[in-house]
């Protein structure tokens, strides 16, 4: 009876180990098949509105894989109506998200119609409900932080913050916005 119980428990333990190993292998396989899974919250076409230092505005953006899935491309625009102090204007930007070869870290480079170029480190929260783009510190210039956070199914809240030169962690909110994913056509 003792031998039979030992064999039974060994079989159970072996089955659990095989299941755990195959589950881990499946998780690794999924990440290899979809390297952008940590950023899946952002994929799609979005439209929204927000406010901040530039004023109240409307806009939209897309996040989509490109170059056979090797990069993600974000194209963004924001339109601001005229005020008594300035004419109406439009802001356009392009961001390329990529994985560094050596470290496999997710990075991004950003370009906009105002001649800004920003290099970001990209991190997803463990629960994949938020993604943060944090610019590299620069002692002579500002530092930027762009955070996307899930606000429900197909909804995001966005916060763009700026820290002044010499104070790389003293972020102040520049723009806050909410957006909704457009239905697929």
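Taken together, the values in this text are just the output of simple stated rules run on the coordinates, not laboratory data. Everything numeric here is computed off the predicted structure, so don't read it as measured data. All Cβ positions, glycine included, derive from the backbone under ideal geometry; neighbour counts span all protein chains shown.
Counting other beta carbons within 10 Å of each Cβ, put 84, 167, 99 in order, fewest first. Each step should come with its number before you reach the end.
Values: 84 4, 167 11, 99 15.
Ascending Cβ contact count within 10 Å gives the list 84, 167, 99.
In what order do 91, 116 fall by count of nearby beta-carbon atoms within 10 Å, going from fewest to most?
On the way: 91 16, 116 11.
Sorted ascending by nearby Cβ count, the order is 116, 91.
Taking other Cβ within 10 Å of each residue's Cβ, how do 42, 94 sort, fewest first? Mind showing how you got there, number by number?
Values: 42 20, 94 13.
Placing the least packed residue first, the sequence is 94, 42.
Rounded to whole Å and sorted largest first, list the principal axis extents of the Cα atoms in the range 37-181.
50, 38, 27
With an 8 Å cut-off on Cα pairs and a minimum separation of 6 or more residues, tell me the relative contact order of the range 37-181 in percent.
19 percent
Calculate the all-directions average of the projected area of the range 130-185's alpha-carbon convex hull, and give it in nm². Before the final figure, lay out the partial values.
On the way: hull surface 17.8 nm².
Its Cα hull, projected and averaged over all orientations, spans 4.4 nm².
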